[in-house]
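Engineer: Input: one structure, supplied below.
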Amino acid sequence: MAQNQQQPIYILPENTMRTIGRDAQRNNIMAARLVAETVRTTLGPKGMDKMIVDSLGDITVTNDGVTILNEMQIEHPTAKMLVEVAKTQEAQVGDGTTTAVIIAGELLKNAERLLDQEIHPTMIVKGYRQAAEKAQEALNEMAENLTKDDKATLKKIVVTAMTGKGAESSKDKLAEIIVKAVVEVAEGNLVDMTDIKIEKKVGGGIDDSELIQGLVLDKEKVHSTMPKQVRNAKVLLLDSAIEVKNTEIDAKIQITDPSQLQGFVDQEEKILKDMVDRIIKSGANVVFCQKGIDDIAQYFLSKAGIYAARRVKKSDMEMLSRATGAGILTKLSNVSPKDLGFAGLVEEVKYGDEELTFVRECKNPKAVTLLIRGGTQHVVDEVERAVRDAVGDLIASLSVGKVVAGAGAPEIEVAKKLRKYATSLSGREQLAVQAFADAMEIVPRTLAENAGLDPIDMLTELKSEHDKGNKWAGLDVFKGKVMDAWKAGVIEPLKIKTQAVKAASEVAELILRIDDVIAGGSKSHGMPQGMPPGMGGMGGMPEY
Ligand code: ADP
Ligand code: MG
């Protein structure tokens with residue numbers, strides 16, 4: 001490709017674009033800051049929502065950082081790195097995505113100030129790393145212990161996660177069922193997110209949402225004459241078909257007179273009858289089958305008054321097993337009563353034009369379902385996101401066993417500790433640590449701005465309270481004054497904060513180390529990818 005016949009020597013393809021040194025840094029920082037700026041207005045209980053319309057015209061209305069960034073289809077490579085921060089935060093904690101992204105943006109903004117003062121990026125990176133470590137220490141120091149029995153605090157965590165979201169109006173009801181769900185499936189302090197199924201159905205109001213001590217399946221009973229409800233259900237789980245196996249090889253059966261055909265059909269029917277008889281003998285009155293159920297078998301089952309559903313997803317089978325205590329059988333040959341699980345009630349319920357199977361009232365279920373209701377699809381979707389955040393927060397709180405109060409209190413406290421720490425360092429590192437401390441304050445500042453309060457007044461007041469030793473002094477965004485966030489019940493998992501600081505500082509360090517961006521030509525755009533200083537599809541740089 002390179003035209004190396006004559007002077008300039010190209011080592012890169014012709015349409016490669018390259019930015020070096022300060023230009024590269026400036027572009028990268030600007031792109032990252034743009035991402036942070038985009039989600040900033042959604043932070044906190046007074047944050048606004050965003051409406052994102054995709055290329056098909058589908059609309060998402062949300063307040064959730066990671067959802068916004070996912071739906072935006074960001075193209076700039078550095079901006080994408082910030083989106084990754086949100087995704088990591090979502091995966092690790094399930095909440096705090098906006099916080100992580102705006103701290104990262106602010107770290108980079110403050111780094112730029114230092115770069116302008118001719119401080120070398122490696123020096124900034126070093127200072128940031130030290131500060132990040134100190135910040136972790138400070139957060140751990142200030143956190144309070146939490147156990148599974150402390151239901152009141154668990155509820156506060158859920159309510160905090162939901163304040164200001166679409167689910168707000170029903171947060172007490174939702175808190176009740178979410179806490180119950182998480183405590184129910186917890187093994188010690190560990191909770192597996194996959195043990196809580198979140199199912200949503202449009203219709204009714206958010207208050208109609210419920211916790212099912214068992215499972216909701218997107219399945220109807222296979223035969224219309226089967227019972228609609230089975231009380232005291234003895235549940236059989238089967239992962240093979242209730243069918244006569246079709247031979248793998250194409251077999252030809254030669255018959256010479258019609259009675260032989262009848263014999264063949266009779267034989268098939270007998271095998272199916274045998275299979276169903278085994279089920280009946282085991283005492284099962286509900287069967288969930290991962291594979292198919294033959295029409296004839298369906299008939300026999302319904303004649304015996306057994307409720308059956310087929311082609312149940314593997315993941316649902318596993319959850320059914322954990323909810324009912326049934327084992328998953330691979331064959332029917334030796335089914336016995338002890339393989340069966342229990343559910344107080346199995347029933348088919350019609351929602352709109354869809355039939356669902358509810359497996360309710362399991363005893364000590366290790367898998368449960370939160371059924372989310374709401375007037376429209378958009379409402380249900382946004383409530384689901386809020387519920388997921390809340391479940392994630394509870395899991396994170398229990399797994400670490402520590403929580404903090406929010407409302408900006410931890411960020412101010414960390415900044416205070418960092419400033420104190422900075423005085424023990426030499427010149428340039430000191431500046432970097434101070435810049436990190438300033439960056440932490442973006443959280444309370446944004447909470448204030450989004451609530452229409454004066455950020456300078458609020459920060460000054462907050463800082464003076466923390467100087468007096470009130471570590472939980474936070475911002476009452478509703479009354480516009482400083483409050484004790486712990487007493488106010490604004491409680492969050494420690495992990496939200498530690499993970500946000502960790503991810504934000506790591507990405508900032510990564511971006512600051514880049515001094516050369518080499519972008520190959522994009523095949524689809526005919527324009528080097530990611531090179532424009534802004535981002536694909538977004539406006540220019542906002543005023544700061
Ligand atoms: P994120 O995506 O970072 O979770 P949120 O929009 O959920 O963003 O906002 C979280 C921030 O709002 C946290 O700093 C939290 O402490 C704060 N917050 C939550 N509830 C309250 C409240 N009642 N009063 C003040 N701040 C609150
Ligand atoms: Mg949140």
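Engineer: Can you spot a residue in the stretch 459-479 that is more than 27 Å from residue 52 (Cα to Cα), modelled with pLDDT of 90 or more and within 16 Å of ligand 2 (Cβ to nearest atom)?
Structural biologist: Looking for residues that are more than 27 Å from residue 52 (Cα to Cα), modelled with pLDDT of 90 or more and within 16 Å of ligand 2 (Cβ to nearest atom), one finds at least one in the stretch 459-479, hence yes.
Engineer: Against the definition (among the aliphatic types (A, V, I, L, M) and modelled with pLDDT of 90 or more), how does residue 312 come out, yes or no?
Structural biologist: Answer is yes for this residue.
Engineer: While we're looking at this one, here's another question. What are the residue pairs meeting all of these: first residue in the stretch 293-311, first residue farther than 12 Å from residue 221 by Cα and assigned by TED's automatic domain parsing to the domain that holds residue 241, second residue assigned to a strand (DSSP E or B) and of a type outside the set (Asp, Glu), Cβ atoms under 7 Å, and 6 or more apart or on different chains?
Structural biologist: Every condition considered, the pairs that remain are 294/242; 297/242.
Engineer: Is it fair to say residue 165 is within 20 Å of the chain's Cα centre (by Cα) and not in a helix (DSSP H, G or I)?
Structural biologist: Criteria met by residue 165.
Engineer: I'm checking my understanding of the structure. Among residues of the stretch 64-80 that are among the aliphatic types (A, V, I, L, M), touching a helix residue (DSSP H, G or I) at 6+ places or on another chain (Cβ under 6 Å) and within 16 Å of ligand 1 (Cβ to nearest atom), which one is nearest to residue 132 (Cα to Cα)?
Structural biologist: In this case the residue turns out to be 66.
Engineer: Count, please, the residues in the stretch 35-63 that happen to be part of a loop (DSSP other than H, G, I, E, B) and either away from ligand 1 (no atom under 11 Å from the Cβ) or out of contact with any strand residue (DSSP E or B) (no Cβ under 9 Å at 6 or more places or on another chain) (or both).
Structural biologist: 10
Engineer: Within the set of pairs 6 or more residues apart or between chains, which connect a residue that is more than 11 Å from residue 451 (Cα to Cα) inside the stretch 467-489 to a residue that is of a type in the set (D, E, K, R) and within 11 Å of ligand 1 (Cβ to nearest atom) with Cβ atoms less than 8 Å apart?
Structural biologist: Qualifying pairs under 8 Å: 482/476; 483/476; 488/476; 489/156.
Engineer: Moving on to the next point. Taking the residues in the stretch 333-374 that are aliphatic (A, V, I, L, M) and closer than 22 Å to residue 391 by Cβ as candidates, determine which candidate is surrounded by the most Cβ atoms within 10 Å (Cβ to Cβ).
Structural biologist: Looking at the filtered set, the residue picked out is 359.
Engineer: Could you check the stretch 81-112 and list, in sequence order, the residues that are surrounded by fewer than 24 Cβ atoms within 10 Å (Cβ to Cβ), within 13 Å of ligand 1 (Cβ to nearest atom) and over 24 Å from residue 401 (Cβ atoms)?
Structural biologist: Within the stretch 81-112, 87 is the sole residue that qualifies.
Engineer: What number goes with the only condition from (1) more than 11 Å from ligand 1 (Cβ to nearest atom); (2) out of contact with any Asp or Glu (no Cβ under 7 Å at 6 or more places or on another chain); (3) of a type outside the set (Val, Ile, Thr) that residue 471 does not pass?
Structural biologist: Checking residue 471 against (1) more than 11 Å from ligand 1 (Cβ to nearest atom); (2) out of contact with any Asp or Glu (no Cβ under 7 Å at 6 or more places or on another chain); (3) of a type outside the set (Val, Ile, Thr), the one that fails is (2).
Engineer: Right, next: Kindly check whether there is at least one residue in the stretch 141-156 that is farther than 22 Å from residue 383 by Cβ, surrounded by 24 or more Cβ atoms within 10 Å (Cβ to Cβ), of a type in the set (A, V, I, L, M, F, W, C) and away from ligand 2 (no atom under 15 Å from the Cβ).
Structural biologist: No, there is no match, as no residue in the stretch 141-156 is farther than 22 Å from residue 383 by Cβ, surrounded by 24 or more Cβ atoms within 10 Å (Cβ to Cβ), of a type in the set (A, V, I, L, M, F, W, C) and away from ligand 2 (no atom under 15 Å from the Cβ).
The values are calculated or read from the model by the stated rules, or taken from the named source; none is laboratory data. Computed from a predicted structure; not experimentally measured. Cβ atoms come from the backbone with ideal geometry, glycine included; neighbour counts cover every protein chain shown.
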